[in-house]
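What follows is one structure encoded as structure tokens, with my remarks underneath.
The values are calculated or read from the model by the stated rules, or taken from the named source; none is laboratory data. In this text the structure is predicted, and so the values were computed from the model without any measurement. Ideal geometry is used to build each Cβ from the backbone, glycine not excepted, and the neighbour counts take in all protein chains shown. Only protein heavy atoms, including side chains, enter the accessible area calculation; ligands, DNA and RNA are left aside. Shrake-Rupley method; radii C 1.70, N 1.55, O 1.52, S 1.80 Å.
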Amino acid sequence: MTTTKSKLFDRNVPGSTEILQKSTVGIAGCGGLGSNAAVSLARAGIGTLIIADHDIVEESNLNRQHYFQSDIGEKKVTALSKHLKAINPHLKIKAINKCLQASDVPETFKNADLLIEAFDRADAKSWLIEAWCCAFPGKPVVCASGLSGIGKTEDLKVQHAGNIHIVGDCTSDMSMGLCSARVAIAANMEANIAVELLTNRKADERDQGK
Amino acid sequence: MIRVNNRDTIEWKKGMTVKDVLTAMSYDYALITVTVNNHLVPHEEYDTCPVPDNAEVGVFHLAHGG
């Protein structure tokens, strides 16, 4: 694979790149959570990303989402794909410009090893988690709840229940306003858990000869 | 005994459902994700999903923001 010959992942944790290059991560939503998580996953060496969103980049997104002034008016999945390719041109991206419904989840993310929930509305987070768990009960979903406001870094925690992993303070609401740093922390917590789960699981499968 | 969110405990009763646990804990139905022994319980099953004794129940509040 071309990327392993480049120096892009020379500083990665030894043994992780080969595993991550074979991994596929789905990201539902390309806003503050999804765009920042996608960037970290691209830098980490994930081989394939499935990104889904139906929004257009607006100037008000730029306080926390990984877009630039030149992206305004562009489809988020198109702009994000461009930025991810600028980091790793060999990254495989399936970009889906669609307002996802629960019924879309099985087909859209059927090839994903793991899903990152990156919606903004709580009701959408809820049906996405349910749809994923029903369609893929053996695969992990990493979610975020409570990442609004300023500061309170120590309140951002991780909770686990089977294949469901939830980051955030679980209380702060976007009506408080959203700050780039806190949103990016939550997004990167999601990405960090994804990398951890993928490397652990793939290493287990390799050791078991699967 | 049932443990909720790895923290609170409530007494188990025969025939207990997820709805009964949520009521006992004063949780609002609206924006939560619930697991029983690490398995997700769909919203439409809260009224009927049995909670066995010694179950570990997770109730996660979902807040707007992303």
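Return the total of residues in region B:1-27 being part of a loop (DSSP other than H, G, I, E, B) and small (Gly, Ala, Ser).
Final tally of qualifying residues: 2.
Any idea how many residues of region A:48-94 are touching a Ser or Thr at 6+ places or on another chain (Cβ under 6 Å), within 25 Å of residue A:8 (Cβ to Cβ) and open to solvent by less than 80 Å² (accessible area, probe 1.4 Å)?
Total meeting the criteria: 5.
How many of the residues making up region A:35-50 are closer than 15 Å to residue A:91 by Cβ and within 14 Å of chain B (Cβ to nearest Cβ)?
Residues that pass the stated criteria total 3.
What do you reckon, is residue A:112 farther than 18 Å from residue B:5 by Cα, open to solvent by less than 30 Å² (accessible area, probe 1.4 Å), among the hydrophobic types (A, V, I, L, M, F, W, C) and within 11 Å of another protein chain (Cβ to nearest Cβ)?
For residue A:112, the condition - farther than 18 Å from residue B:5 by Cα, open to solvent by less than 30 Å² (accessible area, probe 1.4 Å), among the hydrophobic types (A, V, I, L, M, F, W, C) and within 11 Å of another protein chain (Cβ to nearest Cβ) - is not met.
Given the options A:147, A:197, A:115, A:128, name the one that is in contact with a helix residue (DSSP H, G or I) (Cβ under 6 Å, 6 or more places away or on another chain), within 17 Å of residue A:25 (Cα to Cα) and modelled with pLDDT of 95 or more.
After applying the criteria, what remains is A:115.
Please enumerate the residues belonging to region A:5-30 that are open to solvent by 10 Å² or more (accessible area, probe 1.4 Å) and within 14 Å of chain B (Cβ to nearest Cβ).
none
For region A:153-181: of the residues being of a type in the set (Val, Ile, Thr) and open to solvent by less than 10 Å² (accessible area, probe 1.4 Å), which is farthest from the other protein chains (Cβ to nearest Cβ)?
Out of the qualifying residues, it is A:167.
Within region B:14-60, restricting attention to residues that are at negative phi and in contact with a Gly (Cβ under 9 Å, 6 or more places away or on another chain), which residue is most open to solvent (accessible area, probe 1.4 Å)?
B:39
Quick check on my filter: what residues within region B:28-55 are facing another protein chain (nearest Cβ under 8 Å) and assigned to a strand (DSSP E or B)?
Residues satisfying the conditions are B:32, B:33, B:35, B:39, B:40.
Six or more apart or on different chains, Cβ under 7 Å: which pairs go from a residue in region A:136-152 that's away from chain B (no Cβ under 11 Å) to one that's surrounded by fewer than 24 Cβ atoms within 10 Å (Cβ to Cβ) and hydrophobic (A, V, I, L, M, F, W, C)? Could you list them?
So the pair list comes out as A:140/A:197; A:142/A:193; A:150/A:179.
Name the pairs whose Cβ atoms lie under 8 Å apart, with the first residue in region A:182-206 and over 16 Å from residue A:46 (Cβ atoms), the second at pLDDT below 95, and 6 or more positions between them or separate chains?
Close Cβ pairs (under 8 Å, with a partner that is at pLDDT below 95) amount to A:183/B:65; A:183/B:66.
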